[in-house]
2 protein chains.
Amino acid sequence: MKEQVIINEVGLRDGLQNQPQHVSTDDKARLAAALIAAGVRYLEPVSFVHPKAVPQMADAAALTDRLPQRADLHYTALVPNLRGYEMARDKGYPTVGLVLSTTDTFNQRNLNMSLEQASESCERIIAAARADGVATRTYISGAFACPYDGPTPVDVTLALTRRMIEAGSDEIAIADTIGGGNPQQMKDIMAPLVQTYGPERFYVHLHDTRGLAGAMAWAACDLGIRRFDASVGGLGGCPFAPGATGNVATEDLAYLLSSAGFDTGIDLQALRAAVAIAEAATGQVLGGRILRWMASREAQGKTVCAP
Amino acid sequence: MKEQVIINEVGLRDGLQNQPQHVSTDDKARLAAALIAAGVRYLEPVSFVHPKAVPQMADAAALTDRLPQRADLHYTALVPNLRGYEMARDKGYPTVGLVLSTTDTFNQRNLNMSLEQASESCERIIAAARADGVATRTYISGAFACPYDGPTPVDVTLALTRRMIEAGSDEIAIADTIGGGNPQQMKDIMAPLVQTYGPERFYVHLHDTRGLAGAMAWAACDLGIRRFDASVGGLGGCPFAPGATGNVATEDLAYLLSSAGFDTGIDLQALRAAVAIAEAATGQVLGGRILRWMASREAQGKTVCAP
């Protein structure tokens, strides 16, 4: 009996939000269906953000209506503010994702708020959600590095995490938003948090921009973390395109964790159909490193072992 | 004061040995000089193998004469048998690398010997080297997976490692020859070895074929391992080309370890010149993931931070 890990698919949200090519609600619904067919059970499909700020998320309510509803499917909606929270709640989301960046600069650029203002905004959303019986997952964005201010001191990430837990956030996602972290930082952040709170309430959100997502994921896994975000085909992020990848690819994270003996529930062969849909919808060449290995094995007529 | 890690450059040997395009001694000497200029201090430049078996290594003696000799430069020659050992010794190599694969099949294909015969051959070379005052590093090849027989049981790798240590091998390189390992296996292998023998005598040799080299390197580093093989630009290996990479790229490993706070001695900007030489000499597109990130940053006119 293998131990289960949760891979939360954020391709439809984090993966698509900055895509230059408009992706239709139909394509998103097809992508969600293919992901679920491949075994994905946790998805963050939408953000209830103002459509002028993120046009790709303008169909959040419409896409929600197209998602299959089953007891084993777990959806989260990202909400930038109280108005977004209310929309997500009214659409029936049982869990919402909040975003708190680690620096004044990052919060100003994202939300036009100072760090203190953004912290208080999150506290208000958490309080509202608790009153409504909606669970909250707060992203500590830039937990390893800020795109404007450089490396994030561990104490800053720890203090914000503790503040959000004390405010009542059910889960915390420690997010390497720009792929600027390293596995030693992961240990330095997660070890004290796991010791105080246990591993169950923490997610890790990684970008593979500089090639360290696998090492950081393993550093977290080794400390007992069993919940990770990932994006099908590595879709999204790409703050330093071309060549630099964005979110860690779902297939690469699934291969890493399954090779190490965990049950991810994800079928890599079936996931290829989802990657193909994402490629067609975005006009990008996608696919994690394990898919390239599988393709090259097949090109040589060799067996591709189940990972 | 940062803790030092050793990155042993095997591009000239493991990286070139299977290249279809002949690489001249001049190009090899230029590549060695560029690597040394970038801060590389440990190199495995040659294999004293029969030229019919590995034509790219036919100039092992001639290349040796072209390598700079300095007190801070540490060279190893790979030797497949006693005859190769004697050639390496006579050329003045202070350390030789031996190869012991973990299965009968792999040893038959590599050396036309059974596992027991190959083990005894290594014991004879180790005994001869000890008598001559030459240090030995024994590669346990296929320590994680055999290309023919699949995953390698941890006990097999541990037993062969112990046997070679008892025979007097000064160092052991735990080698994921085909990139088929995972970080949990790394822990299962290295933890008991480090506990019994300490970390100092162990090297880890990784291929990034399925994208797990970073996670495996971190798993080893986290157990105290401070010695790693790597190949400039990811040169070599490529058992599943195209698309699948071979040896872990020196620049990717150096970035991982330096980001985590270690001193590798390697200057990534200077290493680019070595990658360019390797590309020109082999006709291949090379370069680890961190070089692609650096290039894309530069293309956007952004600063590339020292890692």
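All of the numbers you see were taken from the coordinates with simple rules; none came from a lab. All figures in this text were calculated on a predicted structure; none of them were measured in a lab. Backbone-built Cβ (ideal geometry, glycine too); neighbour counts: all protein chains shown.
Spin-label pair A:Asp149-B:Ala128: with each label point 7 Å from Cα along the Cα-Cβ axis, the two points sit 6.4 nm from one another. Under 18 Å of direct C-alpha separation, and excluding same-chain neighbours fewer than eight residues apart, B:Lys2 reaches these aspartates and glutamates: A:Asp188, B:Glu200, B:Asp222, B:Asp263, B:Asp267. Along chain B, the exposed loop sites are GluC sites (Glu not before Pro) outside DSSP states H, G, I, E and B with at most 15 other Cβ atoms within 10 Å, and the longest stretch free of them is B:4-199.
Can you compute the label reach from A:Arg70? Point 7 Å from Cα along the Cβ direction, backbone N cut-off under 18 Å, restricted to the range A:259-274. Under cut-off, by backbone N: A:264-274.
Candidates B:Val99, B:Leu257, B:Ala295 compared by Cα position along the dipole of the range B:6-299: farthest toward the positive end lies B:Ala295, with charges placed on Cβ.
In the assembly of identical copies, B:Leu82 has its label point, taken 7 Å from Cα in the direction of the beta carbon, separated from the corresponding points by 8.6 nm (ascending, one decimal). Residue by residue, the range B:264-274 carries 3J(HN,Hα) couplings of 8, x, 9, 9, 5, 4, 5, 5, 4, 5, 5 Hz when phi is fed to the Karplus relation 6.51 cos²θ - 1.76 cosθ + 1.60 (θ = phi - 60°); x denotes Gly or Pro.
Only one residue of B:Gln185, B:Ala270, B:Thr196 has its Cα farthest out toward the positive end of the dipole of chain B, where Lys and Arg carry +1 and Asp and Glu -1 on Cβ, and that residue is B:Ala270. Residues whose amide H falls under 5 Å from that of A:Thr76, counting only those 5 or more places apart or on a different chain, are A:Leu43, A:Glu44, with hydrogens built in the peptide plane. Here's the list of lysines a cross-link from B:Lys52 could span, going by alpha-carbon distance under 25 Å and ignoring same-chain residues fewer than 8 apart: B:Lys28, B:Lys91. Taking the DSSP beta bridges with both ends in the protein assembly as shown, the antiparallel portion is around 10 percent. Of the trypsin sites (Lys or Arg not before Pro) found in the range B:246-307, those in coil by DSSP whose Cβ has at most 15 other Cβ atoms within 10 Å are B:Lys302.
With its label point put 7 Å out from Cα toward Cβ, A:Thr105 sits 5.5 nm from the same residue's point in the other copies, in order from shortest.
With the simple model of a label 7 Å out from the Cα in the direction of the Cβ, B:Ala37 to A:Gln4 spans 5.7 nm. Taking amide hydrogens as placed 1.01 Å from N in the peptide plane, the amide H of A:Asn8 sits under 5 Å from those of A:Phe228, A:Asp229, A:Ala230, each at least 5 positions away in sequence or on another chain.
Distant-in-sequence amide contacts of A:Tyr203, defined by a placed amide H-H separation under 5 Å and a gap of 5 or more residues or a different chain, comprise A:Ile172, A:Ala173, A:Ile174.
As a calculated quantity, the FRET efficiency between A:Ala276 and B:Gln269 at R0 = 60 Å, using C-beta atoms, amounts to about 0.95.
Dipole size of the range A:6-299 about its Cα centre, with +1 on Lys/Arg Cβ and -1 on Asp/Glu Cβ: approximately 240 debye, rounded to the nearest 20. Sequence-ordered 3J(HN,Hα) estimates for the range B:99-104 from the Karplus curve with 6.51, -1.76 and 1.60 and θ = phi - 60° stand at 10, 10, 7, 8, 10, 4 Hz, glycine and proline given as x. Between the range B:74-108 and the range A:167-190, the C-alpha centres lie 45 angstrom from each other. Anyone know which of A:Ala53, A:Ala37, A:Ala61 comes out most mobile in the 10 Å Cα GNM of chain A? Ranking A:Ala53, A:Ala37, A:Ala61 by mean-square fluctuation puts A:Ala53 first.
The range A:250-292 and the range B:37-73 have Cα centres spaced 40 Å apart.
Distances from A:Pro20 to itself in the other copies, using label points 7 Å out along the Cα-Cβ axis, amount to 3.4 nm in increasing order. Placing pseudo-labels 7 Å out from each Cα toward the beta carbon at A:Lys52 and A:Glu120 gives an inter-label distance of 2.4 nm.
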